[in-house]
Amino acid sequence: MNNPGETCAEKREDRQGGGSLPVCVSVGTSEASRNAKLDEQTIKEFIPASWFHPVGIFKVLARFWDRLPDVSGKLFLTFTLDPENYADEETAFEDSRDWLRRLFFQLRHGIEYQGKLYVIDAPYCIKVEFHESGWVHYHAIFLTRRFLPKELLAGLWDRGWVTVQRITSQDFHYLLKYVTKPADLPAWVLKQKRLRVFQTTKGFLKPLPPQPKIISLKEPRKRASYTLDERFWRWACMAVVRQKGKARTVRFQMPYREIFDQLVLSAALEGRYKGGGEIIINRKEVLNPWIQMQNQLLKAKS
């Protein structure tokens, strides 16, 4: 029997027996292996580009990471809210977000305090975060080393508490990578259709390199309008199927991870688990086992 990766290319004479024997020459097992991998179809969890996903957040950060400035020693402000001033968390968010814009407008045009004029007219960024209680707080970094009295800022804020500090680039990067998981978000946030977690003013990020102008004749595709809660559910039910360098998404009727947990052991025993949450799909069965398991789990829940 021929060995894998070998083919009988010609015959040679058997000097002892007078007959002829096939001569098998190798065609390269590595090439055959590469071809097999190209035909290999796999399935893996869908990772969205999202501030609320522990892995997907790096997709978001990759879009502007190389454009981040050096913020070492720059002005770092934190604004928190006093719940006694508001009826609920959502009202607090709407009011404080608008008031923060007014506060920065005043700083930009100058505020006189104890006989001195303080002007903070520099590019800045804002990072929105939520306490476990559901109340919002804000971090702001101004690209300036100017001094700002805490008492002046507290008087302007008048919504709770403030801190005035200096920050390092390392702490800034940690701040950007901080993730609030969907399960930890308050219900009123999940009802929002859009939430700008990180905002910058002109001049905060380094400029983009010149880009060629591309004129598209296609009409822009209208984006579906979902609440954050609906979006998180859709993402949880999605998976990515890859083959021959191409990827497509599939969506199940329940979280993909629940189906994965039921099928990963059998895939591992059959040598189809590649690690990192990726499973080789059986060519004959394709997605049938996943759909069947989904239906079983849905039936068990009903």
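Worth pointing out:
- The stretch 61-90 residues that are without any contact (Cβ under 8 Å) to a residue 12 or more places away in the chain, paired with ones that are buried (at least 18 other Cβ atoms within 10 Å of the Cβ) (beta carbon under 7 Å, 6 or more apart): Tyr86/Ala92
- Count of residues meeting criterion [more than 27 Å from Trp65 (Cβ to Cβ) and under 23 Å from the mean Cα position of the chain (by Cα)] in the stretch 187-220: 4
- Residue satisfying all of: in the stretch 100-113; touching a strand residue (DSSP E or B) at 6+ places or on another chain (Cβ under 9 Å) and surrounded by 14 or more Cβ atoms within 10 Å (Cβ to Cβ); farthest from Leu148 (Cα to Cα) among these: Leu100
- Some residue of the stretch 142-157 being under 21 Å from the mean Cα position of the chain (by Cα), under 29 Å from Lys59 (Cα atoms) and not aliphatic (A, V, I, L, M): no
Here is a yes/no grid of residues against (1) more than 23 Å from Gly203 (Cβ to Cβ); (2) not charged (D, E, K, R):
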site: Gly115; (1), (2): yes, yes
site: His139; (1), (2): no, yes
site: Arg145; (1), (2): no, no
site: Tyr178; (1), (2): yes, yes
site: Pro186; (1), (2): yes, yes
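- Subset tally (residues that are of a type in the set (Asp, Glu) and over 33 Å from the mean Cα position of the chain (by Cα)) for the stretch 82-139: 2
- Residue in the stretch 27-40 that is in contact with an Asp or Glu (Cβ under 8 Å, 6 or more places away or on another chain) and at pLDDT 55 or above present: no
- Within the stretch 180-216, the set of residues being over 30 Å from Pro123 (Cα atoms), exposed (fewer than 10 other Cβ atoms within 10 Å of the Cβ) and either in contact with a Cys (Cβ under 6 Å, 6 or more places away or on another chain) or in the same structural domain as Phe142 (by TED's automatic domain parsing) (or both) comprises just one member, Ala183.
- In the stretch 126-179, residue farthest from Ser96 (Cα to Cα) [restricted to those that are exposed (fewer than 13 other Cβ atoms within 10 Å of the Cβ) and among the small types (Gly, Ala, Ser)]: Ser133
- Selection within the stretch 114-125 - loosely packed, with under 15 Cβ neighbours inside 10 Å and part of a strand (DSSP E or B): Lys116, Leu117
The values are calculated or read from the model by the stated rules, or taken from the named source; none is laboratory data. Since this is a predicted model, take the numbers as computed values, not measurements. Heads up, the Cβs are rebuilt from the backbone with ideal geometry, glycines too, and the neighbour counts pull from every protein chain shown.
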